[in-house]
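Chemist: One structure, pasted below without further comment.
The values are calculated or read from the model by the stated rules, or taken from the named source; none is laboratory data. Worth saying up front: this structure is predicted, and the values here are computed from it rather than measured. Using ideal geometry, Cβ is built from the backbone for each residue, glycine included, and neighbour counts are taken over all protein chains shown.
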Amino acid sequence: MGKALGFFEISGVVAATDALDLMCKAADVEFVTWEKKLGGRLVTVIVRGEVSAVTAAIDAATAGAIKKPVCKAVIANPHPELERVVQKSRDRLLKARGEQEESQEKPKKAPARKKK
């Protein structure tokens with residue numbers, strides 16, 4: 001079977017994180033990105049893998065999620081334009097993560113004390 005994308009939309013960041021954990025434990029899927037809308041009140045998690053694995057992952061998240069999913073989809077052999085849109089989302093996530101990591105790595109210097 002070919003590659004597939006799985007979309008799992010749920011209310012809340014905690015519920016989305018829990019659903020992603022369920023998906024990754026249930027099947028051999030790769031986390032691609034997530035989109036947070038309405039201040040994180042609505043989150044779409046996107047995973048990638050073989051069609052059967054993505055289907056199993058979405059089913060596991062649906063069955064075990066701490067909230068009822070808003071929407072879900074498995075798209076087998078996605079069109080290149082859809083792949084492009086998903087990649088743009090992933091690039092935004094990685095860029096934000098990179099900027100955050102850089103700011104955490106550089107400790108701020110304390111201001112020099114004046115001698116009396």
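Chemist: If Met1 satisfies every condition in (1) hydrophobic (A, V, I, L, M, F, W, C); (2) at pLDDT below 95; (3) in contact with a Pro (Cβ under 7 Å, 6 or more places away or on another chain) but one, which is the exception?
Modeler: So Met1 meets the others, but not (3).
Okay, residues lined up against (1) farther than 15 Å from Ile75 by Cα; (2) at pLDDT 95 or above:
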| residue | (1), (2) |
| --- | --- |
| Leu22 | yes, yes |
| Ala26 | yes, yes |
| Thr33 | yes, no |
| Lys37 | yes, no |
| Gly40 | yes, no |
| Val47 | no, yes |
| Ser52 | no, yes |
| Ala57 | no, yes |
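Chemist: Just give me the residues in region 19-31 being farther than 8 Å from Val45 by Cα and buried (at least 19 other Cβ atoms within 10 Å of the Cβ), in sequence order.
Modeler: Hits for region 19-31 are Ala19, Leu22, Met23, Ala27, Val29.
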